[in-house]
């Protein structure tokens, strides 16, 4: 039984806490949050004790921690946890600064403790199936990958102001997905972006509509489209085109019921919240963490995956600011 402490009991922490408590091979051994009411509410639901963060880290009976605290605490908490001998699962990103991520990964490597970064979309059943069929050679060599990610509505401006921007907060998931699907690293990034949804986002120094093209040394191309507004629900689609055809993964809908009348065909809209859309993915990534720790297997996505996605996000931000493509080192 893997005893796990939860650091952070906000919206995403609640999902992780419930999944840990329900997992047959894990125990939610403690919940810590800077807001005691958040930790207490989740504790009442799961039966786990409320502890201070320091107590979770110092408890030798706790084998691992799940970090769902604010982003600016991630790297420090990772370092404290691995120094305490614990395995770590941390929500993305490790940090908003690639240099700080590198420093953190050096500490992790020195301790030899495992680290997994929470790019949950890799574990979505449809996206994972697409990846498996891609690896099986169903469409041959990859030529173009198209990734669409559009939120139903933008987050509050105070969130935007501390998020690191669309490329580092929202599109970073797509950068990780691009790397997950490709068989080589991108070496060129070109970004264009606008503020079309909410002028307040532009006033905060960010964008809400963006398109990015990635290119690998072998010429493979990735097209990524992001928007903070999709009136029809949470839009999450992937298409991989290869020499023998294409693989496509579409949106998740509330039901698969379709109505046909004289006015045409009608179906339920796409799910409108990421916690619903990726419910199974959050469960599957916890399964992978618990199973990997229990069987001594390498954890993925790794800290290095987190770093590489951040580097792509930084390059996209630079490209948008300069209006020019950004070249990266291969590998």
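One table, with the values for the structure above:
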| item | result |
| --- | --- |
| Residue within region 287-304 that is in contact with a strand residue (DSSP E or B) (Cβ under 7 Å, 6 or more places away or on another chain), more than 28 Å from residue 184 (Cα to Cα), at pLDDT below 95 and in the same structural domain as residue 148 (by TED's automatic domain parsing) present | no |
| Region 305-327, subset in a helix (DSSP H, G or I) and loosely packed, with under 15 Cβ neighbours inside 10 Å, residue farthest from the chain's Cα centre (by Cα) | 322 |
| Unmet criterion (only one of (1) closer than 24 Å to residue 119 by Cα; (2) at pLDDT 95 or above) for residue 11 | (2) |
| Residue count, region 158-168 (criterion: at pLDDT below 95 and part of a helix (DSSP H, G or I)) | 6 |
| Condition check for residue 270: closer than 30 Å to residue 22 by Cβ, modelled with pLDDT of 95 or more, in the same structural domain as residue 177 (by TED's automatic domain parsing) and crowded, with 18+ Cβ neighbours inside 10 Å | no |
| Extreme residue, surrounded by the most Cβ atoms within 10 Å (Cβ to Cβ), among residues of region 290-304 that are more than 15 Å from the chain's Cα centre (by Cα) and in a helix (DSSP H, G or I) | 290 |
| Residue in region 104-119 that is closer than 25 Å to residue 242 by Cα and either under 19 Å from the mean Cα position of the chain (by Cα) or not in a loop (DSSP other than H, G, I, E, B) (or both) present | yes |
| Considering residues of region 82-103 that are assigned to a helix (DSSP H, G or I) and free of Cβ contacts under 8 Å to residues at least 60 places away in the same chain only, the residue nearest to residue 311 (Cα to Cα) | 99 |
| Residue check for residue 265: surrounded by fewer than 13 Cβ atoms within 10 Å (Cβ to Cβ) and within 21 Å of residue 151 (Cβ to Cβ) | no |
| Filter result for the condition that a residue is in the same structural domain as residue 215 (by TED's automatic domain parsing), at pLDDT 95 or above and out of contact with any strand residue (DSSP E or B) (no Cβ under 9 Å at 6 or more places or on another chain), over 175, 190, 180 | 180 |
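The values are calculated or read from the model by the stated rules, or taken from the named source; none is laboratory data. Quantities reported herein were computed from a predicted structural model and do not represent experimental measurements. We place every Cβ from the backbone using ideal geometry, glycine too, and count neighbours over all the protein chains shown.
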